[in-house]
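Okay, handing you the structure first.
The values are calculated or read from the model by the stated rules, or taken from the named source; none is laboratory data. All figures in this text were calculated on a predicted structure; none of them were measured in a lab. Don't worry about glycine lacking a Cβ; one is built from the backbone with ideal geometry, like all the others, and counts go over all protein chains shown.
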Amino acid sequence: MKNELKMTISADIANDSFVRSSVAAFCLPLDPTLDGIEDIKTVVSEAFTNSVVHGYDNDKSKKVDLYVCLEGCQLEIIVEDRGCGIADVDKAMQPFFTTKPEQERSGMGFTLMSTFMDGIKVTSEVGKGTRVCMTKKIVEAKHA
Ligand SMILES: Nc1ncnc2c1ncn2[C@@H]1O[C@H](COP(=O)(O)OP(=O)(O)OP(=O)(O)O)[C@@H](O)[C@H]1O
Ligand SMILES: [Mg+2]
């Protein structure tokens with residue numbers, strides 16, 4: 001059976017800790033390992049931060065949509081904004097690529113998401129927004 005979470009939240013960086021903790025809490029019934037929980041928190045935080053900082057340029061009046069689905073041991077997380085979009089997704093996903101080096105961004109967000117999850121799909125259109133869909137098979141702690 002599917003268990004789903006949908007949330008729409010203001011694009012305020014102060015909401016980052018609520019977003020990452022609530023998604024992690026939603027996944028707890030699956031009994032992921034502590035490492036697994038940390039990985040989930042990290043990828044949610046990276047995607048949410050990207051929507052706030054890049055997609056909306058920190059405009060707190062904008063909204064970020066999150067969708068989480070658990071089905072069996074399969075986890076799907078979607079983070080979506082209707083912000084500025086990405087001109088070249090392949091380029092943006094390369095390690096160390098950042099358009100905000102002056103803010104001491106390291107360009108490692110997408111690399112972390114790709115590393116910690118089994119799959120990542122980014123769809124984006126300039127002027128329309130960005131959708132990051134990530135999937136992962138969760139390992140139960142007692143089997144890890
Ligand atoms: N939601 C988004 N909307 C618009 N542009 C984005 C979005 N997410 C990522 N980008 C673009 O992709 C680039 C790479 O993102 P990535 O998360 O890998 O690095 P970063 O955010 O620049 O640095 P870091 O995540 O290490 O702080 C960003 O610099 C930005 O240009
Ligand atoms: Mg980032």
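State whether the residues of the stretch 11-18 include one that is modelled with pLDDT of 95 or more and touching a strand residue (DSSP E or B) at 6+ places or on another chain (Cβ under 6 Å).
Yes, there is a match, as at least one residue in the stretch 11-18 is modelled with pLDDT of 95 or more and touching a strand residue (DSSP E or B) at 6+ places or on another chain (Cβ under 6 Å).
For the stretch 18-39, enumerate the residues that are free of Cβ contacts under 8 Å to residues at least 24 places away in the same chain and polar (S, T, N, Q).
S21, S22, listed by residue number.
Give all pairs with beta carbons closer than 6 Å in which a residue from the stretch 40-51 that is over 9 Å from V19 (Cβ atoms) and without any contact (Cβ under 8 Å) to a residue 24 or more places away in the chain meets a residue that is more than 8 Å from ligand 2 (Cβ to nearest atom) and in a helix (DSSP H, G or I); count only pairs at least 6 apart in sequence or on separate chains.
K41/R20; K41/A24
Based on what the data block shows, is T99 part of a strand (DSSP E or B), free of Cβ contacts under 8 Å to residues at least 60 places away in the same chain and either more than 29 Å from V139 (Cβ to Cβ) or touching a helix residue (DSSP H, G or I) at 6+ places or on another chain (Cβ under 8 Å) (or both)?
no
Could you say whether any residue in the stretch 75-82 is in a strand (DSSP E or B), hydrophobic (A, V, I, L, M, F, W, C) and away from ligand 2 (no atom under 16 Å from the Cβ)?
yes
Follow-up question, since we're still on this one. Going through I120, I86 one at a time, which residue ends up being away from ligand 2 (no atom under 11 Å from the Cβ), in contact with a strand residue (DSSP E or B) (Cβ under 7 Å, 6 or more places away or on another chain) and in a strand (DSSP E or B)?
I120
For the stretch 85-122, give me each residue that is β-branched (V, I, T) and within 30 Å of D31 (Cα to Cα).
Listed by number, the residues that qualify are T111, T115, I120, V122.
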